[in-house]
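Trainee: Take a look at this one; I'll ask things after.
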Amino acid sequence: MTEQIAPDPQAGAQQELPFAVVYGQALTELPQDLYIPPDALEVFLEAFEGPLDLLLYLIRKQNIDVLDIPVAEITRQYMSYVELMRTVRLELAAEYLVMAAMLAEIKSRMLLPRSAEADAEEEDPRAELIRRLQEYERFKAAAEGIDGLSRVGRDITVPRLDAPEARARKLLPDVSLEELLVSMAEVLRRADMFESHQVTREVLSTRERMSEVLERLKGGAFVPFVSLFTAEEGKLGVVVTFMAVLELIKESLVELVQNEAFGPIHVRARAE
């Protein structure tokens with residue numbers, strides 16, 4: 001016969017872990033006069049980034065193949081999570097109800113009796129949900145991979161060494177007020193000696209460009225605005241040509257057409 005040894009109660013008491021440490025003292029029993037208000041405890045559920053994240057969590061938790069989802073069981077678990085979130089944070093339930101309705105629709109479609117020919121022709125009701133889950137899983141894995149990379153300022157510190165501040169001492173000349181006034185008068189006198197004013201004739205004339213535009217539009221067809229000036233004329237050619245066209249429009253000699261904002265402008269002579 002084998003002798004049975006009774007467990008030592010002191011050994012079990014030694015292995016008991018304290019549930020709190022207050023001022024360095026471990027507490028293994030609740031104080032008799034401890035009062036905990038009803039709203040003192042708050043339960044934090046696991047945070048999800050959306051309905052697809054919750055579905056993916058339920059599938060991974062039970063090692064379910066994403067290509068063969070048991071819709072009835074997943075829908076039951078999903079709705080239990082939604083009810084929990086509604087009791088804790090009402091604002092989270094709204095965006096999850098659309099997915100709940102989608103799961104209910106898929107569940108009802110799979111429960112309806114169908115013939116073999118209908119099964120062959122109709123697509124699996126879970127196909128769209130499976131596609132969205134696979135796409136979300138790929139993007140989530142990519143985001144987790146990016147988040148795992150080292151970041152400057154968080155994991156990597158870029159060394160920086162500022163150059164020492166140069167302090168140069170400037171020696172100011174000792175100048176009297178009389179010398180400063182004499183120098184200022186000399187500068188103004190030299191500026192008057194070199195003052196000149198030169199008048200040049202305009203390279204391009206608006207009136208001449210109006211005549212050139214009318215000559216180009218004699219055929220009666222639309223002509224692109226950009227063809228009325230050359231690249232060698234630069235911005236001045238664009239401005240003069242545009243002013244000439246505006247004058248011709250004012251005199252009801254030409255008309256402009258532009259099909260869309262910032263689109264090409266076409267010019268045509270008005271019919272007499």
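Trainee: Mind giving me the nanometre distance, one decimal, between the label points for PHE139 and MET184, set 7 Å out from Cα along Cα→Cβ?
Mentor: 7.1 nm
Trainee: How large is ³J(HN,Hα), in whole Hz, for each residue of segment 251-261 in order, when computed from phi with the Karplus curve 6.51 cos²θ - 1.76 cosθ + 1.60 and θ = phi - 60°, using x for Gly and Pro?
Mentor: 8, 6, 9, 9, 9, 10, 9, 9, 6, 8, 4
Trainee: Between ALA191 and GLU255, what's the calculated FRET efficiency when r is the beta-carbon distance and R0 is 45 Å? Round to 0.05.
Mentor: 0.25
Trainee: For segment 132-272, what's the radius of gyration and Dmax over Cα atoms, in angstrom?
Mentor: In Å, with Rg to one decimal and Dmax whole: 33.5, 88.
Trainee: Per residue of segment 229-243, in order, report the coupling 6.51 cos²θ - 1.76 cosθ + 1.60 (Karplus, θ = phi - 60°) as ³J(HN,Hα) in whole Hz, putting x for Gly and Pro.
Mentor: In residue order, the calculated couplings are 9, 10, 5, 5, 6, x, 5, 4, x, 5, 5, 5, 5, 5, 5 Hz.
Trainee: Taking the Cβ of each residue in THR200, THR157 as the centre, tally the other Cβ atoms inside 10 Å and list the residues starting with the fewest.
Mentor: The order, fewest Cβ neighbours first, is THR200, THR157.
Trainee: Fewest Cβ neighbours within 10 Å first, please rank MET210, MET79 accordingly.
Mentor: Lowest to highest Cβ neighbour count: MET79, MET210.
Trainee: Distance between the C-alpha centers of segment 120-199 and segment 211-272? Whole Å please.
Mentor: Each part reduced to its Cα centre gives a spacing of 42 Å.
Just so you know, all these numbers are worked out from the coordinates, no wet-lab data involved. Because the structure is predicted, anything quoted here is derived from the model rather than measured. Here Cβ is always computed from backbone atoms with ideal geometry, including for glycine, and neighbour counts include all displayed protein chains.
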